[in-house]
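Visitor: Before I ask anything, let me first share the structure, which is written out below as structure tokens.
Here, each number is a calculation from the coordinates, and none is a lab measurement. Quick caveat, the model's predicted, so the values are computed rather than measured. Here the Cβ positions follow ideal geometry from the backbone for every residue, glycine too, while neighbour counts run over all protein chains shown.
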Amino acid sequence: MEIKIMNKKILSLITAFAFFQTFSQTAFAKMPNKKSINHKSQHSAKNQKNLRGKVTIKVNGMVCSFCAQGIKKNFAQYKSVKSTKVNLDKMQVTINLKPGATLSEKEIAKVIVDAGFSYKGVKK
Amino acid sequence: MTLGVSAHPISYKGSMGIMTYQSPSLTHTQLNYSFRHWLAAGVHHIAIPNQKKSATFASVNLLLKRWNGSGLQANLYTILGAGQSHLGESRETSGLTGLQFDIEDRDYYFLAKQTQIFHKKGIDLKQTIVRTGFSPYVDPFDGLHSWLILEWKQTNLLNKVTRSDLTPFVRLFYRNLLFELGQSFKGDTKVNLIVHL
């Protein structure tokens with residue numbers, strides 16, 4: 001009985017691993033390098049530039065609107081932000097800053113990382 | 001993670017999650033707070049309906065690793081908890097542990113996890129869940145999203161009963177609210193509800 005249970009466990013682990021391997025070979029071909037996916041310290045925005053107006057940000061890992069709600073909620077806490085729009089198809093977040101208001105790229109990156117995603121820079 | 005609800009055990013920094021799973025054989029309700037996107041604390045109440053048996057835990061939920069790809073995300077979580085379990089004959093100081101892996105893009109989803117409740121006399125409950133699903137359509141961010149999910153679950157209770165079942169679920173989520181409804185091939189109706197505040 002124990003051997004059967006062990007075999008079932010091994011089989012399920014192998015199945016999960018095989019699925020992951022297959023998935024990763026296609027999808028992860030575009031993965032960012034290891035440094036940029038370190039979830040504990042990701043502030044790749046070294047630029048302290050203050051941004052104005054409409055800012056479009058490229059974000060990796062946004063696949064689910066339920067999970068990405070934190071982006072809208074956290075940007076809403078900034079008085080300088082008028083509105084936030086998330087586009088899952090384009091993997092982008094667009095924030096509209098209030099007239100005369102600015103927000104640093106560093107702060108923008110922090111919001112994205114705190115929401116659990118990878119900041120890939122401002123779209124030019 | 002929970003014994004029933006299969007979603008992210010940690011959310012975005014500063015969020016509070018309320019999750020409940022209801023089925024004829026097991027219920028599990030969890031509150032958690034995410035201090036960081038990789039760290040949350042939770043309280044759990046697990047009960048076996050109609051038997052006056054339950055367990056209560058406090059836990060730490062950790063995101064061990066996340067892969068944020070282009071249009072793809074994969075996660076590896078663990079949960080470590082301590083509390084009291086009265087699922088057996090007596091009330092015991094118990095531990096709760098779990099490991100969860102999930103991967104999804106906008107069209108497909110896969111999850112595998114194992115959770116157990118144990119104490120010095122043995123394991124009270126051990127559960128393995130594997131899920132796979134797809135989205136029949138893709139909606140914009142603020143739309144109503146739906147998924148069709150098939151779940152295989154094996155539950156071992158008190159080393160006496162091993163129960164396996166296969167359950168198709170319909171998952172709906174809108175903004176910060178997620179709802180799942182399923183009925184196993186054995187006839188059990190199951191409901192999951194998650195709210196992020």
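Visitor: How many of the residues making up region A:62-111 are polar (S, T, N, Q), in contact with a helix residue (DSSP H, G or I) (Cβ under 6 Å, 6 or more places away or on another chain) and farther than 18 Å from B:S34 by Cα? Show your work before the answer.
Guide: Let us first name the residues in region A:62-111 that are polar (S, T, N, Q), namely A:65, A:69, A:74, A:77, A:80, A:83-84, A:87, A:92, A:94, A:96, A:102, A:104.
Within this subset, residues satisfying the condition of being in contact with a helix residue (DSSP H, G or I) (Cβ under 6 Å, 6 or more places away or on another chain) are A:74, A:84.
Next cut, farther than 18 Å from B:S34 by Cα only: A:84.
Adding up the residues that qualify gives 1.
Visitor: Okay, moving on. Only one residue in B:G69, B:G122 is at positive phi and either among the small types (G, A, S) or within 14 Å of chain A (Cβ to nearest Cβ) (or both), so which one is that? Show your work before the answer.
Guide: On the way: B:G69 fails: at positive phi.
Result of the check over B:G69, B:G122: B:G122.
Visitor: Given the criterion free of Cβ contacts under 8 Å to residues at least 24 places away in the same chain, touching a strand residue (DSSP E or B) at 6+ places or on another chain (Cβ under 9 Å) and in a strand (DSSP E or B), identify the matching residue among B:L172, B:L125, B:L150. Even if it seems obvious, please write down each step before you answer.
Guide: Values: B:L172 fails: free of Cβ contacts under 8 Å to residues at least 24 places away in the same chain; B:L125 fails: free of Cβ contacts under 8 Å to residues at least 24 places away in the same chain.
One residue alone meets the criteria, B:L150.
Visitor: Ok, one more. What residue, among those in region A:112-122 that are within 9 Å of chain B (Cβ to nearest Cβ) and in a helix (DSSP H, G or I), is surrounded by the most Cβ atoms within 10 Å (Cβ to Cβ)?
Guide: If we take residues in region A:112-122 being within 9 Å of chain B (Cβ to nearest Cβ) and in a helix (DSSP H, G or I), then A:V113 is surrounded by the most Cβ atoms within 10 Å (Cβ to Cβ).
Visitor: Here is a follow-up. Just wondering, is there one or more residues in region B:118-138 that are more than 19 Å from B:I79 (Cα to Cα) and surrounded by 18 or more Cβ atoms within 10 Å (Cβ to Cβ)?
Guide: Looking for residues that are more than 19 Å from B:I79 (Cα to Cα) and surrounded by 18 or more Cβ atoms within 10 Å (Cβ to Cβ), one finds at least one in region B:118-138, hence yes.
Visitor: Being among the aliphatic types (A, V, I, L, M) and surrounded by 22 or more Cβ atoms within 10 Å (Cβ to Cβ) is true for just one of B:I10, B:I18. Which residue is that?
Guide: Testing whether each residue is among the aliphatic types (A, V, I, L, M) and surrounded by 22 or more Cβ atoms within 10 Å (Cβ to Cβ) leaves just B:I10.
Visitor: Could you say which residue among B:T115, B:T162, B:T78 is touching a helix residue (DSSP H, G or I) at 6+ places or on another chain (Cβ under 9 Å) and β-branched (V, I, T)?
Guide: None of the other options fit; the residue is B:T162.
Visitor: Okay, next question. Of all residues in region A:69-92, how many are part of a helix (DSSP H, G or I), within 15 Å of A:Y119 (Cβ to Cβ) and more than 8 Å from chain B (Cβ to nearest Cβ)?
Guide: Within region A:69-92, the first condition is being part of a helix (DSSP H, G or I), and the residues that meet it are A:69-75.
Then drop every residue that is not within 15 Å of A:Y119 (Cβ to Cβ), which leaves A:70-71, A:74-75.
Now drop any that are not more than 8 Å from chain B (Cβ to nearest Cβ), which leaves A:75.
Number of matching residues: 1.
Visitor: Out of all the residues in region B:128-147, which are facing chain A (nearest Cβ under 10 Å), touching an Asp or Glu at 6+ places or on another chain (Cβ under 8 Å) and not in a loop (DSSP other than H, G, I, E, B)?
Guide: Within region B:128-147, B:V130, B:H145 qualify.
Visitor: For residues in region B:175-191 being in contact (Cβ under 8 Å) with a residue 60 or more places away in the chain and not acidic (D, E), which is nearest to the other protein chains (Cβ to nearest Cβ)?
Guide: Selected residue: B:L178.
Visitor: Among B:R163, B:R131, which is the only one that is of a type in the set (K, R), in contact with a strand residue (DSSP E or B) (Cβ under 7 Å, 6 or more places away or on another chain) and within 18 Å of B:A47 (Cα to Cα)?
Guide: After ruling out the rest, the residue left standing is B:R163.
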